[in-house]
Each structure stands twice: as C-alpha cells, then as structure tokens.
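Novice: Before anything else, here's the structure in question.
The values are calculated or read from the model by the stated rules, or taken from the named source; none is laboratory data. None of these values were measured; they are calculated from a predicted model. Cβ sites come from the backbone with ideal geometry, for glycine too, and all protein chains shown count toward neighbours. Note: accessible area is taken over every heavy atom of the protein model, side chains too, but ligands, DNA and RNA are not part of it. Shrake-Rupley method; radii C 1.70, N 1.55, O 1.52, S 1.80 Å.
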Amino acid sequence: MGTVYGLMREAAPEALHDFDPLFGGTAFGTALFAGGDEFAVPALGLLKKPLESPASEQSYGLISHLICGVTLGAIQQIIRKRV
C-alpha cells in the first residue's frame, strides 16, 4: 500500500503537490481503513462485520491506519525533498 500511495501522490496533478503530505497520508490511511477493515475484509468473511465488532477493535484499526498513513506521508515528503 505504501507503493500505491507513493505512485498516487506522484501521479497527482502538480497543484495537489502543494498540499501537506501528512494530510494526504492521513486521508489515505482513513480510506484504507474504510475500504479494507470496514468493507473488503468482512465481505471476504475474514473478520466480523463492523457493527458486530466492539468499538475498541474499530478504534484500534482506525488509529493503526492513521499512523500508517502519516508515516507514509512523512516518508514520501523526505524522499521528495532529497530527489
């Protein structure tokens, strides 16, 4: 998913490169959580449906994806400044 984020970020129009990469990373992490943990994984029968899971599991998943997204944004920003 990190590669997907980097490719999306670099393929974005130049005007979007002015946005804070950490914001983009946070949005990407949120989208991964919503699309993966809340939709795809339960649809495949690998986890319980979102309404069947305790709030603690939901918040842990969201926070984990947010941390991943912020990390991706920070790494992408560092790489972009060095290249």
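Novice: Rg and Dmax of the chain over Cα atoms: what are they, in angstrom?
Specialist: 14.6, 46
Novice: Same structure, new question: Assuming R0 = 22 Å, can you tell me the calculated FRET efficiency for the pair Ile79 and Ala27, based on Cβ-Cβ distance, to the nearest 0.05?
Specialist: The computed FRET efficiency comes out at 0.75.
Novice: Say we join alpha carbon atoms closer than 10 Å with springs in a Gaussian network model of the chain; which of Gly69, Gly29, Gly61 then has the biggest fluctuation?
Specialist: Fluctuation is largest for Gly61.
Novice: Given the rule -39500 (n - 2.57) for each run of at least 4 DSSP H residues, summed and divided by the residues of the chain, what is its mean residue ellipticity at 222 nm, to the nearest 500 deg cm²/dmol? Walk me through the intermediate numbers first.
Specialist: Working: 3 runs with 50 residues, N = 83.
Value at 222 nm, helices only, nearest 500: -20000 deg cm²/dmol.
Novice: Using the heavy atoms of the protein chains and a 1.4 angstrom probe, tell me the accessible area per residue for the chain in square angstrom.
Specialist: 70
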